[in-house]
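Laboratory data are not the source of any read-out in this text; all were calculated from the coordinates shown. Everything numeric in this text was worked out from a predicted model, so none of it was measured. All Cβ positions, even for glycine, are placed from backbone atoms using ideal geometry, and neighbour counts span all protein chains on display.
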Amino acid sequence: MRFDPENHRKNPIFTLFRGGLDGNFAGKRTGNRQTLSLRAIAFTITTVQPEKSSPIILAENLTKVYAAGRIPVTAVRGVSLAVEPGEFVAIVGPSGSGKSTLFYLLGGLTQATKGRVVIDGVDFASLSDAERTRLRKHRIGFVFQKFNLLPTLSAMGNIEIAHAVSGSVINGKKAPLDRAYLDHLSEMLAIKGRLDHRPSELSGGEQQRVAIARAMITRPAIVLADEPTGNLDTKSSDAVLHMLLRSNQELGQTTLMITHNPEAASIASRILYMRDGEIVREEKGSRPGFAVPAASAVTGPATAAV
Ligand code: ADP
C-alpha cells in the first residue's frame, strides 16, 4: 500500500473525525435538496433517487489522478461498483493496482478527480467538509492495516474514545456508551480479558480485534477494512478474518475489505479484482469450510494471544 495521506496525520484515525485528507471538498449541488437527520444531527444534503435496487455503496465512473509529481499518476480509472446492504465484498489486486486509493475514495477520505460516490443515497460531493465528516462518523467504521490504536490508552480507552468523538446523541443528549453492546462485541471478538491492557501489551491479532471493536462501537452501517491482515501471521490473520465475517453476519454491517491476498479475499461473498486502476474481473468467494464459528473455536483457550 503506497497511499501517502499527504503527510497530514500521525494517526489516520483522527482524520476520520475531521475533514478528511483533502482539505477542500467542494462539490456541485444538484438534485433534490432536503434536510435529513442522522442520529439527531440535522444538515442539508442532496439525495439521489434510488433506481431499481438501493445499493448502500455506489461508485460511478470514479477516477483519481495524483498530480503532485511531474508526471500525473492515474491510480483509479473509471471504476463503477454497487454494494448491496449486508454484502461482504473484497477488493483484491497486486500492489499499486489502486486498491487503497479506491478505499480512500469510498470512505470519503479523498476527493475523486471524476465520478461520484453515493453512500446510502447521499452523494459525498454534495456535502461540506463538516457534513462529510459527520456522515463518515455515523455510517462508516474503518479498520486499517496498522491498527492505529492510541498507545497511551488501554484497549477499553481506545474503544471509549471512538464512542466519545462520534458524538452520538439520544433525545438531544450525549449518548452513553452502551455497555451491554460493548460486552457483546468484546465477547464476539474474544478481547474481553484484554480490555485493560495497552496496545503494546497485546499481540498483533488482539490489537486488530480491538481496532475492529473500536470501528463497531458506533454501530456503523458500513465497515471499510484496508489490508486488515497485512501485518499479521497466518493464524492471527485467520482469526481476524473470522471476526470480520462474524460481525458482518451477526451485526449485519456491509463490509468492504481491501487485500492483496486472494486467500483472505475468498471469505467474501463477492470478490472484485483490480489491476492498473480498473476492476477487471468479479467472482464469488468460496473458501471451503470458512464458516462463522463460535468465538472459542477461533481463538482457542481464553489466554491464547492470537
Ligand atoms: P495499492 O493499494 O493497490 O497498492 P495504491 O492506491 O496505493 O495501490 O496506488 C495506486 C497508484 O497510485 C500507484 O502507482 C501509486 O504509486 C500511486 N499513488 C498512491 N498514492 C499516491 C500519492 N499520494 N501521490 C502520488 N501517487 C500515489
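Numerical summary
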{"quantity": "Ranked 64, 146, 174, criterion: other C-beta atoms within 10 Å, fewest first", "calculated": "174, 146, 64"}
{"quantity": "Other-chain or far-sequence residues with amide H under 5 Å of residue 91's (modelled H)", "calculated": "257, 258, 259, 272"}
{"quantity": "Inter-centroid distance (Cα atoms) of segment 91-116 relative to segment 132-204, Å", "calculated": "25 Å"}
{"quantity": "Note, ³J(HN,Hα) from phi for segment 222-227, Karplus 6.51, -1.76, 1.60, rounded to Hz, x at Gly and Pro", "calculated": "10, 10, 10, 10, 9, 6"}
{"quantity": "Relative exposure of 196, 238, judged by other C-beta atoms within 10 Å (fewest first)", "calculated": "196, 238"}
{"quantity": "Long-range HN-HN contacts of residue 76 with modeled amide H, under 5 Å", "calculated": "64"}
{"quantity": "Fewest-first sequence of 188, 156 by Cβ atoms within 10 Å of each Cβ", "calculated": "156, 188"}
{"quantity": "Interchain or long-range residues, amide H under 5 Å from residue 275's placed H", "calculated": "280"}
